[in-house]
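Q: The structure under discussion is supplied below as structure tokens; questions concerning it will follow.
The values are calculated or read from the model by the stated rules, or taken from the named source; none is laboratory data. Keep in mind the model is a prediction, meaning the values are calculated, not measured. Cβ: placed from backbone, ideal geometry, glycine included. Neighbour counts: every protein chain shown.
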Amino acid sequence: MRFPKTANVYCPRCDTYTEHSVTMYHHGKRRTLAEGQRRYERKLKGYGSSRKPKQKRFAKLTKKITVKMTCRRCGYVLHRTLGRLKKVELV
């Protein structure tokens, strides 16, 4: 899917339709000192099995694509999910 690098989208902070710059959303690095991550690693330690079952069959072939829209006027950031797509190109 071809998606524009700039889009005219509603900005809740400006309360009008303004031009937004569009980039691909990439999740950040996991925090190793977060409580949930420490609990998960503690559970994986030792002779016990994995905490969650290993997935045998993969039904989903693609990931859901999220784009990050930044308002050019005020800098407010919106996230929009485009859905399941094999290839996304910003033009």
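Q: Given (1) under 17 Å from the mean Cα position of the chain (by Cα); (2) surrounded by 10 or more Cβ atoms within 10 Å (Cβ to Cβ), where does His26 come up short, assuming only one miss?
A: Among (1) under 17 Å from the mean Cα position of the chain (by Cα); (2) surrounded by 10 or more Cβ atoms within 10 Å (Cβ to Cβ), the lone unmet condition for His26 is (2).
Q: If you don't mind, there's one more thing I want to ask. From the list Lys54, Lys86, pick out the single residue that is in a loop (DSSP other than H, G, I, E, B), basic (Lys, Arg) and at pLDDT below 90. Walk me through it before giving the result.
A: Working: Lys86 fails: at pLDDT below 90.
Only one candidate passes the filter, namely Lys54.
Q: Which residue pairs have Cβ atoms closer than 8 Å, lie 6 or more positions apart in sequence or on different chains, and pair a first residue in the range 50-64 that is among the small types (Gly, Ala, Ser) with a second residue that is surrounded by 10 or more Cβ atoms within 10 Å (Cβ to Cβ)?
A: Ser50/Leu44
Q: May I ask you to say which residue of Gly83, Gly75, Gly46 is under 12 Å from the mean Cα position of the chain (by Cα), more than 14 Å from Ala7 (Cβ to Cβ) and not β-branched (Val, Ile, Thr)? Spell out the reasoning first.
A: Working: Gly75 fails: under 12 Å from the mean Cα position of the chain (by Cα); Gly46 fails: under 12 Å from the mean Cα position of the chain (by Cα).
Being under 12 Å from the mean Cα position of the chain (by Cα), more than 14 Å from Ala7 (Cβ to Cβ) and not β-branched (Val, Ile, Thr) holds for just one of Gly83, Gly75, Gly46, which is Gly83.
Q: Follow-up. From the list Thr66, Thr23, Thr16, Thr6, which residue is within 19 Å of Val91 (Cβ to Cβ), in contact with a Phe, Trp or Tyr (Cβ under 8 Å, 6 or more places away or on another chain) and of a type outside the set (A, V, I, L, M, F, W, C)? Step through it out loud before you land on a result.
A: Numbers: Thr23 fails: in contact with a Phe, Trp or Tyr (Cβ under 8 Å, 6 or more places away or on another chain); Thr16 fails: within 19 Å of Val91 (Cβ to Cβ); Thr6 fails: in contact with a Phe, Trp or Tyr (Cβ under 8 Å, 6 or more places away or on another chain).
So the residue among Thr66, Thr23, Thr16, Thr6 that is within 19 Å of Val91 (Cβ to Cβ), in contact with a Phe, Trp or Tyr (Cβ under 8 Å, 6 or more places away or on another chain) and of a type outside the set (A, V, I, L, M, F, W, C) is Thr66.
Q: Under 9 Å between Cβ atoms, which residue pairs at least 6 apart in sequence (or on different chains) link something in the range 71-91 that is at positive phi and without any contact (Cβ under 8 Å) to a residue 40 or more places away in the chain with a partner that is surrounded by 12 or more Cβ atoms within 10 Å (Cβ to Cβ) and in a strand (DSSP E or B)?
A: Qualifying pairs under 9 Å: Gly83/Ile65.
Q: Going by what's in this entry, would Lys54 be described as in contact with a Leu (Cβ under 9 Å, 6 or more places away or on another chain) and loosely packed, with under 10 Cβ neighbours inside 10 Å?
A: Values: in contact with a Leu (Cβ under 9 Å, 6 or more places away or on another chain): no; loosely packed, with under 10 Cβ neighbours inside 10 Å: yes.
Against the criterion (in contact with a Leu (Cβ under 9 Å, 6 or more places away or on another chain) and loosely packed, with under 10 Cβ neighbours inside 10 Å), Lys54 does not qualify.
Q: Restricting to the range 57-83, and then to whatever is surrounded by 12 or more Cβ atoms within 10 Å (Cβ to Cβ) and among the polar types (S, T, N, Q), can you tell me which residue is farthest from Met24 (Cα to Cα)?
A: Checking each candidate, the answer is Thr70.
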